[in-house]
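Engineer: Quick one: structure below, then a few questions.
The values are calculated or read from the model by the stated rules, or taken from the named source; none is laboratory data. Bear in mind that the values here come from a model prediction, so they are computed numbers and not experimental data. Reconstructed Cβ throughout: ideal geometry from the backbone, glycine too, with neighbour counts over all protein chains shown. SASA here: full protein model, heavy atoms, side chains in, ligands and nucleic acids out. Shrake-Rupley method; radii C 1.70, N 1.55, O 1.52, S 1.80 Å.
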Amino acid sequence: MKVLVGHFNSESNEHAYQKMGFENFIFKYGEDSIDAMGIRDIFENNNIGIIPSIYANGHPGGLVTKDAFDFILTRILHTLKKNLSEIDGIFLYLHGASKVEDLEGDSGEHKILEEIRKITGPYLPIAVVMDPHGNLSEQFIANTTIVRCYRHSPHTDILETHRKVAKLFVDLLKNKRYLTPVYRKVPIIIGGEKSVSTDEPMVSINKYLDEAEKDERILSASFHIGYLRHDGDKLGCSVVVVPCDEKHKEYANETADKIYDFVLARRYQFHYHGIVDEPDKALERAINYQGRPVFLTDSGDNCGAGADGYSNYVLRQCLDLKDYNNKTILIAGIVDQQIYPVLLKKDVGEKVGLDLGMGLDKQSTKVHIKGTVISRGVVGKDYIKRPDIGSAITIKLDNYPISVIVLGESVSYTELEQFKYSNVDILQYDVIVVKQGYISPDFQAISPFCIMSLTDGPTNQRTEKLVFKRIKRPMFPYDNIDYRIEESNVNS
C-alpha cells in the first residue's frame, strides 16, 4: 500500500499589509517533506509506502498570493495524477485559516480538497490533520474521510495529533471500511485569546471530546475554534465527529449534537486568558512589578495571528516613560523592511541612528532612535539558512534602558530557544515585550508576571470591534441566538 502526503500551512490576516508570497513559505520536497511531517515511521512500520507531494509551511501573515498558492496546489495535483494508480489514500495537513487572493471561495484548503476530489472521485480515503484555528464547511468535511484538529491552544499537541491521525488512517487502510464524518457549524465566533485550553470552558470541552473518543463507535471528535482575522462565509466554530464505521453514523450524529449543545451552552464563558489591561495601565503594571522577568505582549500586533510586526507603539510608550523603576526593557521585536537592509550591513559594536517605523499608520509612526548594535542572530532555527530574511539585529538605545530587536520577517517570539538563536540573553532584562496574544508556556514558565496589553492593530483582541459582512447570521456574540438555531444541525 501507498499514501500520498502533503502539508499546507497559512493563517491569512486580511488586516495585515504584507502578502504571503513564495518568499514567505518554507518549502520542502521529497524525503525532507516526509520527515518534516513527523509520521514516517507510522506508515513505514506498517509496510505502507509514502509518496511526498509538497511541504509548504507559511507563518501567519496576510493574504496568500495567487501565484504562490497555485504553485502549491499544482504540485499536489501533479503528484496525485502521476501516482493515482498506486495510492491507497491521502494524508494531509491543512491548517484551515488561509485566504487566497482572487480565489473563488477564498479558502486554499477548501480548494485543495475540491480539486483532489475531482481527480480521485468521492471514495478514496483522505485523512486531514488541522489546526483548531481553522474554518470549516459542510462541503469541506464531505470531501474527507477523517478530520481531527489539535486539542490544545497554545498548540502543545501538534506532533501528537499528527501521529494519532496517522495511526487511525493506517487502521482504516488495513481494515477497509466506508465512513464519513459528521459536521456541525456552531454559531459562535471566538478569538484564540479567549479559548486557551488551560482555561474554562475549553478544559471542560476538551474533556468532553476525550470522553466521546473513548467510545469504540467513535474514531475521533474535534472542536474547531475557527479563525476570525478575515471575513468569509466559512467563519465560526465547528464540531466534527468521525464514526469508526458507517453503521455508527446515527450515533455519531447524536454525539455531534451533544457536543454542539455542550459548546453553545458555554458561549458566555469564553474569556481572555491571564491578566489583561488597557495599554497604558498594562505597561505601568509591568514596570512597577517587583519580580523579574516580566512579559508584556503587544496583542494588537500579534505576528502569530498574521500581524505584520510593524507596530512600534509599545516602544514609543516606553520612550515616553518618566520613571523606569530601574528596569531594563527588551522589545522583541519590530519589523521594519525599510531599515532592515541597512542594518544587515552593520556589525556588532557599530553605532546607528535611524528612523524606526514603517510610517503606514498611527501604530507604525516613525520614531528616531540612536544606539549601538549589540548582537546579531536569526529569529529562529528555521531561518538559519535564510539570514537574508530571518536575521534579528538587537540595538541598545542611547540614554534609555531599552533594547530593540529589529526584524525583516513577521515572526513572533514564542519560545526561549528563539532568543538563543538571536544571541540575546533575555535574563539580562526585567521587562520583555513580545508580539503574541496569550503568553506562550515557555515564557510563563520563567516569569512571575505576564500581561496582555489590549493594543490596536491587525490582531485587535476586542472582537466586538471587528466587522463581518459575509458570515452566516445569526452569530454570537454579534446576535442573540436561540439555544438550538438550525434544523440542519440535526441531520448530516
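Engineer: Once you list every other residue whose beta carbon is under 9 Å from the beta carbon of Phe69, what net charge do they have if Lys and Arg are +1 and Asp and Glu are -1? Write out the running numbers ahead of the final one.
Structural biologist: Numbers: positive: Lys66, Lys111; negative: Asp67, Asp70, Glu101.
Here the count lands on -1.
Engineer: Also, quick follow-up: Once you order the gyration tensor axes a ≥ b ≥ c over the Cα atoms, which shape class does segment 166-246 get: rounded for a/c under 1.5, otherwise prolate or oblate by comparing a/b with b/c? Let's see the in-between values first.
Structural biologist: Working: a/c = 2.60, a/b = 1.67, b/c = 1.56.
Cα axes put segment 166-246 in the prolate bin.
Engineer: Rounded to the nearest 500, what is the chain's calculated 222 nm mean residue ellipticity when only DSSP H runs of at least 4 contribute -39500 (n - 2.57) each, over all residues? Display every interim value, and only then the final one.
Structural biologist: On the way: 14 runs with 131 residues, N = 492.
Roughly -7500 deg cm²/dmol at 222 nm, from the helical runs in the chain.
Engineer: When the convex hull of the Cα atoms of segment 362-492 is projected onto a plane and the area is averaged over all directions, what value comes out in nm²? It would help to have the intermediate numbers written out before the result.
Structural biologist: Working: hull surface 52.9 nm².
Across all orientations, segment 362-492 yields a mean hull projection of 13.2 nm².
Engineer: What is segment 280-433 by shape, rounded, prolate or oblate, if you read a ≥ b ≥ c off the alpha carbon gyration tensor as root eigenvalues and call it rounded for a/c under 1.5, prolate for a/b larger than b/c, and oblate otherwise? Walk me through the intermediate numbers first.
Structural biologist: On the way: a/c = 1.34, a/b = 1.29, b/c = 1.04.
Judged from the Cα gyration tensor, segment 280-433 comes out rounded (a/c under 1.5).
Engineer: Carbon and sulfur: what percent of segment 236-292's accessible surface (1.4 Å probe)? Each step should come with its number before you reach the end.
Structural biologist: Details: 1210 of 2620 Å².
Ligands and nucleic acids excluded, carbon and sulfur give 46 percent.
Engineer: So, one more: Show which lysines lie in cross-link reach of Lys322 when reach means a straight Cα distance below 23 angstrom and same-chain residues fewer than eight apart are skipped.
Structural biologist: The reachable lysines, counting only those whose Cα sits under 23 Å from Lys322, are Lys281, Lys362, Lys366, Lys370, Lys396.
Engineer: By the gyration tensor of its Cα atoms, with a ≥ b ≥ c the square roots of the eigenvalues, what is the shape of segment 203-253: rounded for a/c under 1.5, prolate for a/b over b/c, or oblate?
Structural biologist: Details: a/c = 4.08, a/b = 1.76, b/c = 2.32.
It comes out oblate by the Cα gyration axes.
Engineer: Roughly how big is segment 1-120's charge dipole about its Cα centre, with Cβ charges of +1 (Lys, Arg) and -1 (Asp, Glu), in debye to the nearest 20?
Structural biologist: Working: 12 positive and 19 negative charges, 53 e Å.
Rounded to the nearest 20 debye, it is 260 debye.
Engineer: May I ask you to give the solvent-accessible area per residue for the chain, in square angstrom, as obtained with a 1.4 angstrom probe? Walk me through the numbers on the way to the answer.
Structural biologist: Details: 19610 Å² over 492 residues.
Spelled out: the 1.4 Å probe surface of the chain, per residue, equals 40 Å².
Engineer: For the ranges 342-355, 249-262, what's the packing order if you count other beta-carbon atoms within 10 Å of each residue, average per peptide, and put the highest first? Spell out each step's value before the answer.
Structural biologist: Numbers: 342-355: 12.9, 249-262: 19.1.
Final packing ranking: 249-262, 342-355.
Engineer: While we're looking at this one, here's another question. Between helix 249-264 and the chain, what is the angle of the helix's C-alpha long axis to the longest principal axis, kept within 0 to 90° and rounded to the nearest 10?
Structural biologist: Helix 249-264 sits at roughly 30 degrees to that axis.
Engineer: To the nearest 10 degrees, how steep is helix 158-174 against the longest Cα principal axis of the chain, on a 0 to 90 scale?
Structural biologist: Tilt relative to the chain: about 10 degrees.
Engineer: Between Gly333 and residues 5 or more places away or on another chain, which pairs have amide H atoms under 5 Å apart, with H built 1.01 Å from N, and which residues are they?
Structural biologist: For Gly333, the qualifying residues are Tyr413, Lys435.
Engineer: Another question, if that's okay. Taking amide H positions as placed in the peptide plane 1.01 Å from N, state which residues far from Ser220 in sequence (5 or more) or on other chains have amide H under 5 Å from it.
Structural biologist: So Ser220 has HN proximity to Val242.
Engineer: Sticking with the crude label model, points 7 Å out along Cα→Cβ, report the distance from Leu159 to Leu77 in nm, one decimal please.
Structural biologist: Placing both labels 7 Å along Cα→Cβ, they lie 3.5 nm apart.
Engineer: Label-point separation (nm) for Asp398 and Arg386, each offset 7 Å from Cα along Cα-to-Cβ?
Structural biologist: 3.5
Engineer: Using each residue's phi in segment 448-456, evaluate 6.51 cos²θ - 1.76 cosθ + 1.60 at θ = phi - 60° and report the 3J(HN,Hα) Karplus result to the nearest Hz, with x for Gly and Pro.
Structural biologist: These are the phi-based 3J(HN,Hα) values: x, 8, 10, 9, 9, 8, 7, 6, 7 Hz.
Engineer: Now, a different point. For a 21 Å ceiling on Cα separation, which of these pairs sit above it: Lys111/Lys185; Lys82/Lys111; Lys345/Lys385; Lys258/Lys465; Lys194/Lys420?
Structural biologist: Numbers: Lys111/Lys185 19 Å; Lys82/Lys111 19 Å; Lys345/Lys385 17 Å; Lys258/Lys465 31 Å; Lys194/Lys420 30 Å.
In this structure, Lys258/Lys465; Lys194/Lys420 lie more than 21 Å apart at Cα.
Engineer: May I ask for the Kirkwood hydrodynamic radius of segment 14-81, worked out over all distinct Cα pairs and given in angstroms to one decimal? The partial results should precede the final answer.
Structural biologist: On the way: mean 1/r = 0.0747 Å⁻¹.
With all distinct Cα pairs of segment 14-81 included, I get 13.4 Å.
Engineer: Right, something else. For segment 358-366, just list the computed ³J(HN,Hα) in residue order, Karplus coefficients 6.51, -1.76 and 1.60, θ = phi - 60°, integers in Hz, with x standing in for Gly and Pro.
Structural biologist: 6, x, 8, 7, 5, 6, 10, 4, 5
Engineer: Related question: Once the Cα gyration tensor of segment 37-129 is found, what semi-axes does its equivalent ellipsoid get, as square roots of 5 times the eigenvalues, in whole Å, sorted largest first?
Structural biologist: Numbers: eigenvalues 118, 49, 25 Å².
The equivalent ellipsoid of segment 37-129 has semi-axes of 24, 16, 11 Å.
Engineer: A further question follows. In sequence order, what are the phi-derived ³J(HN,Hα) couplings for segment 282-298 according to the Karplus relation 6.51 cos²θ - 1.76 cosθ + 1.60 with θ = phi - 60°, rounded to whole Hz, with x for glycine and proline?
Structural biologist: 4, 5, 4, 5, 5, 5, 8, 5, 7, x, 7, x, 9, 10, 10, 10, 7
Engineer: Rounded to two decimals, what is Rg over Rh for the chain when you use alpha-carbon atoms and the Kirkwood radius? Don't skip to the end; give the middle numbers.
Structural biologist: Values: Rg = 23.1 Å, Rh = 23.5 Å.
Taking Rg over the Kirkwood Rh, I get 0.98.
Engineer: Hey, another quick one. With point charges of +1 on the Cβ of Lys and Arg and -1 on the Cβ of Asp and Glu, referenced to the Cα centre of the chain, which listed residue (Gly191, His162, Asn46) lies farthest in the positive direction of the dipole?
Structural biologist: Comparing the listed Cα positions along the dipole, Asn46 ranks first.
Engineer: Rounded to the nearest angstrom and ordered from largest down, what semi-axes does the equivalent ellipsoid of segment 114-198 get from its C-alpha gyration tensor (root of 5λ)? Provide the component values of the computation, followed by the final result.
Structural biologist: On the way: eigenvalues 127, 60, 20 Å².
Square roots of five times the eigenvalues give 25, 17, 10 Å.
Engineer: List every residue whose amide H lies under 5 Å from the amide H of Asp88, counting only residues 5 or more places away in sequence or on a different chain, with H placed 1.01 Å from N in the peptide plane.
Structural biologist: So Asp88 has HN proximity to Lys2, Val3, Leu4.
Engineer: Let me ask you something else. How many nm separate the modelled label positions at Asp425 and Lys2, each set 7 Å beyond the Cα in the direction of the Cβ?
Structural biologist: 5.4
Engineer: What share of the DSSP beta bridges in the chain is antiparallel, in percent to the nearest 5? The partial results should precede the final answer.
Structural biologist: Numbers: 33 of 80 bridges.
Around 40 percent of the beta bridges assigned by DSSP in the chain are antiparallel ones.
Engineer: Between Arg470 and Glu250, 0.36 nm times their residue separation minus their Cα-Cα distance comes to what?
Structural biologist: Values: separation 220, 0.36 × 220 = 79.20 nm, distance 3.19 nm.
Gain on stretching Arg470 to Glu250: 76.0 nm.
Engineer: Something else now. Computed FRET efficiency, Cβ-Cβ of Asp323 and Lys19, R0 45 Å: what is it to the nearest 0.05?
Structural biologist: On the way: r = 42 Å, r/R0 = 0.93.
So, using R0 = 45 Å, E works out to roughly 0.60.
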